[in-house]
1. Any chance you could count how many residues in segment 64-87 are in contact with a strand residue (DSSP E or B) (Cβ under 6 Å, 6 or more places away or on another chain) and under 15 Å from residue 104 (Cα atoms)?
2. Kindly evaluate residue 107 against the criterion of being surrounded by 14 or more Cβ atoms within 10 Å (Cβ to Cβ) and at pLDDT below 90.
3. Could you say which residue among 83, 113, 69 is at pLDDT 85 or above, more than 17 Å from the chain's Cα centre (by Cα) and of a type in the set (Gly, Ala, Ser)?
4. Any idea which residue in segment 120-160 is modelled with the lowest pLDDT, counting only those that are more than 19 Å from residue 68 (Cβ to Cβ) and part of a loop (DSSP other than H, G, I, E, B)?
5. Under 6 Å between Cβ atoms, which residue pairs at least 6 apart in sequence (or on different chains) link something in segment 31-42 that is more than 16 Å from residue 19 (Cβ to Cβ) with a partner that is assigned to a loop (DSSP other than H, G, I, E, B) and not hydrophobic (A, V, I, L, M, F, W, C)?
6. I'd like the full set of residues that are in a loop (DSSP other than H, G, I, E, B), closer than 21 Å to residue 154 by Cα and not polar (S, T, N, Q), limited to segment 67-80.
7. What single numbered condition from (1) part of a loop (DSSP other than H, G, I, E, B); (2) under 18 Å from residue 156 (Cβ atoms); (3) among the hydroxyl-bearing types (Ser, Thr, Tyr) fails to hold for residue 41?
Amino acid sequence: MTAVDSNAQTRGASSSYVTFSLEDETYAIDVLQVQEVLKITEIAPVPGVPDYILGIINLRGDVVTVIDARRRMQLPERVPDDASRIVIIDVDNQNVGILVDSVAEVVRIPPDAVDPAPAVGNDQTSRFILGVSSTEDGLTILVDLNKLLSDDEWAAIREH
């Protein structure tokens, strides 16, 4: 059993992923953590939060914090357009939105098709890369949503 297989089993991960794009790259997140995908809606800014937090939205009476995936992954900023989406994810029983350039599809990626993440980037960006899968369309970067933010950052979001 590889480290990726073991890691997927310990997290209870599926082998189905929702793919999305950022800066012409394809990323994938565990479908079991995706609650829904929304078109861009009005995001109310919240003063005093880190720059990667865009603000909050009202989702059927629940307040949901929205994170800018581009800022979090240290990518160039881009003005959201008609293809942009807010993906509502569940991390430790807390709903959080992540703004992405577009959402593509649900794909199956078997654990044996996932290679360990290459040692690129800095600790800040590489810690949430679970692995990489190569397809005829190119590379898909698997993101570990639980590590998208540090424990302290998740705790700060719970307080807002």
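The values are calculated or read from the model by the stated rules, or taken from the named source; none is laboratory data. Since the structure is predicted, the reported quantities are computational estimates derived from the model, not experimental observations. Backbone-built Cβ (ideal geometry, glycine too); neighbour counts: all protein chains shown.
1. 4
2. Details: surrounded by 14 or more Cβ atoms within 10 Å (Cβ to Cβ): yes; at pLDDT below 90: no.
Spelling it out, it is not the case that residue 107 is surrounded by 14 or more Cβ atoms within 10 Å (Cβ to Cβ) and at pLDDT below 90.
3. Within the list 83, 113, 69, the selection yields 113.
4. So, considering only residues that are more than 19 Å from residue 68 (Cβ to Cβ) and part of a loop (DSSP other than H, G, I, E, B), the one modelled with the lowest pLDDT is 120.
5. Listed by first residue and then by second, the contacts come to 40/80; 40/84.
6. Matches in segment 67-80: 73, 75.
7. It is condition (2) that residue 41 fails.
Per-residue answers, yes or no, for (1) exposed (fewer than 11 other Cβ atoms within 10 Å of the Cβ); (2) in a loop (DSSP other than H, G, I, E, B); (3) among the hydroxyl-bearing types (Ser, Thr, Tyr); (4) without any contact (Cβ under 8 Å) to a residue 40 or more places away in the chain:
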residue	(1), (2), (3), (4)
46	no, yes, no, no
50	no, yes, no, no
58	no, no, no, yes
65	no, no, yes, no
